[in-house]
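This report refers to the structure that appears directly beneath it.
The values are calculated or read from the model by the stated rules, or taken from the named source; none is laboratory data. Given the structure is predicted, the values throughout are model-derived calculations rather than measurements. Glycine gets a Cβ as well: all are built from the backbone with ideal geometry, and neighbour counts include every protein chain shown.
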């Protein structure tokens, strides 16, 4: 599998986004909130996980900062997504919210990996 974060892997449909925020299961870990939901069988999804990334305007009022944080999170996710794909056998949709007032550093990337490990453990139980 290629290490890209292509358009089909992104969750950018407002209907799916709001449905997950309303009805999804939440995982809190340090500065991240991961809200996830198993997809319906009707939804044809090529990838095991479709991910949407959100950075609240309340914490970062400047769009430049929000976009920079989203790029860093996408890059971190892109580098270890094969681990997630190999350990899940169900189709998921998830929204990852960065809920901190400081810009991400190396520790943030480690906590991002940890929150996806928690997700994998919840799916396997």
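Applying the condition of being in contact with a strand residue (DSSP E or B) (Cβ under 7 Å, 6 or more places away or on another chain) and in a loop (DSSP other than H, G, I, E, B) to the range 30-55 and asking which residue is surrounded by the most Cβ atoms within 10 Å (Cβ to Cβ) yields 55. In this structure, does residue 112 turn out to be under 14 Å from residue 72 (Cα atoms), touching a helix residue (DSSP H, G or I) at 6+ places or on another chain (Cβ under 6 Å) and at pLDDT 85 or above? So residue 112 passes the test.
Look through the range 1-16, keep the residues that are part of a helix (DSSP H, G or I) and crowded, with 16+ Cβ neighbours inside 10 Å, and return whichever of them is modelled with the highest pLDDT. Give the steps one after another, and end with the answer.
Let us first name the residues in the range 1-16 that are part of a helix (DSSP H, G or I), namely 7-9, 14-16.
Subset that is crowded, with 16+ Cβ neighbours inside 10 Å: 9, 16.
Numbers: 9: 87, 16: 84.
Result: 9.
Just one residue in the set 69, 27 is part of a helix (DSSP H, G or I) and closer than 24 Å to residue 102 by Cα; that residue is 69.
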